[in-house]
Amino acid sequence: MLNVYRMYSELVSASITDGGPYASKTSFVKLLRSVKRETLKLIETFLDKAEDQLHIGKQFVSPMMEYVLADYARNVPDARESEVLSLFATIINKYKATMLDDVPNIFEAVFQCTLEDLK
């Protein structure tokens, strides 16, 4: 699933870079972003319902977190997905013990960009 997210994220970024700021309004980019959003929702549901939290927290969440946070931070505001915020709320709530060290990184990557968007 992470590879699907990664691929669609790269397609969205390339389309917006090539097409300029109005490219995010095209039906093609909207379709790409909808797949990206649904992928985030699927990952969130998986993490929320998973029973082996310790194993998943170590093996899946850390690599996924690095890419999704970096992607969110580097994207232009029109390409950022609000589902990333929901995903990380679920991660922090479900995987508290394994995520404590990562909370400052999450805040820095997510909230800095979000605050800039709100200005």
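Every number here is computed from the coordinates shown, using simple stated rules; none is lab data. All values derive from a computational prediction rather than experimental measurement. Neighbour counts run over all protein chains shown; Cβ positions are idealised from the backbone, glycine included.
Odds and ends about this structure:
- Helix-only CD estimate at 222 nm, as mean residue ellipticity for the chain, using -39500 (n - 2.57) per DSSP H run (n ≥ 4): -24000 deg cm²/dmol
- Each Lys or Arg adds one and each Asp or Glu takes one away; over the other residues whose Cβ falls under 15 Å from the Cβ of H55, this sums to +1.
- Placing a label point 7 Å from the Cα of K58 along the Cα-to-Cβ direction, the residues of the stretch 91-107 with a backbone N closer than 16 Å are 95-101.
- The stretch 7-57 gives an Rg/Rh value of 1.20, both radii derived from C-alpha positions and Rh following Kirkwood.
- Cβ-derived FRET efficiency at R0 22 Å, T26 paired with D48, nearest 0.05: 0.10
- Scattering profile of the stretch 57-112 at q = 0.27 Å⁻¹ [log10 I(q)/I(0), Debye over alpha-carbon scatterers]: -1.20
- Kirkwood Rh (inverse of mean 1/r, distinct Cα pairs), the stretch 2-118, angstrom: 14.7 Å
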